[in-house]
Amino acid sequence: MRVGIGYDVHRLVEGRKLVLGGVCIPYPLGLLGHSDADVVIHAVMDALLGAAGLGDIGAFFPDNDPQYKDIESTILLKRVNEIIKEKGYTVSNVDSVVVAQAPKLAPHIGEMRKNIAKILELGDDFVCVKATTTENLGFEGRKEGISAHAVCIIE
């Protein structure tokens, strides 16, 4: 059994879609990044790769590689799951938290959870996605960006 932890953050900007956990969320701002900047999926990928001792997503999907420009992070998560399997591991569970003052994410959590579970070939009860605010503190509280943390176990 191996444990991994992941973290990601991206700035909120105009002119981008807000995608979290593979769900397009209605909001006037989106996350700035080379890919779709899905911080939830990015944190999960880093947790999985870290658990397997493989580094981080930048080693596999560099942000200066044009093939990953605006790519859906769910596609990258599927590839990470394949890499984990190729190394002889299976994902046991994933727990994540997304930190955002706005928008309200509760209505979208179930769909995020299902998306991640499906990609990782897990039952929904082996994936948890939670959301919290910072009570208006820090960059998330000022609505400048969104961050996410994830922990996983692979066997």
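The trypsin sites (Lys or Arg not before Pro) of region 123-155 that meet both conditions, a loop assignment by DSSP and at most 12 other Cβ atoms within 10 Å of the site Cβ, are Arg142.
What number comes out for the charge environment of Asp125, summing +1 per Lys or Arg and -1 per Asp or Glu over other residues with Cβ under 14 Å away? For residues surrounding Asp125, the net value is 0.
Peptides 38-45, 77-84, 20-27 ranked from most to least packed give 38-45, 20-27, 77-84, packing being the mean of other C-beta atoms within 10 angstrom over each peptide's residues.
Of the trypsin sites (Lys or Arg not before Pro) found in region 3-56, those in coil by DSSP whose Cβ has at most 16 other Cβ atoms within 10 Å are Lys17. Provide, for region 2-154, the number of lysine pairs with alpha carbons under 23 Å apart, each pair being eight or more places apart or on different chains. For region 2-154, the number of qualifying lysine pairs is 21.
Less than 5 angstrom separates the built amide H of His10 from those of Ile146, all sequence-distant by 5 or more or on a different chain. Of the labelled figures (i) 1.36; (ii) 0.97; (iii) 1.11, only one reflects Cα Rg over 2.2 N^0.38 Å as derived from the coordinates, namely (ii).
Between Lys118 and Val3, take the C-beta separation as r, use R0 = 30 Å, and let me know the FRET efficiency to the nearest 0.05.
0.85
Over the chain, dividing the summed -39,500 (n - 2.57) contributions of all DSSP H runs of at least 4 residues by the number of residues returns a 222 nm mean residue ellipticity of -8500 deg cm²/dmol.
What number comes out for the charge environment of Lys69, summing +1 per Lys or Arg and -1 per Asp or Glu over other residues with Cβ under 15 Å away? Every neighbour counted, the sum reads -4.
If you take all other residues with their beta carbon under 12 Å from the beta carbon of Ile146, and give Lys and Arg +1 and Asp and Glu -1, the sum is 0.
Every read-out reported here was derived from the displayed coordinates using simple, explicitly stated rules and does not represent laboratory data. This one's a predicted model, so the numbers in the text were calculated from it and none came from an experiment. Every residue, glycine among them, receives a Cβ derived from its backbone with ideal geometry; neighbour counts consider all protein chains shown.
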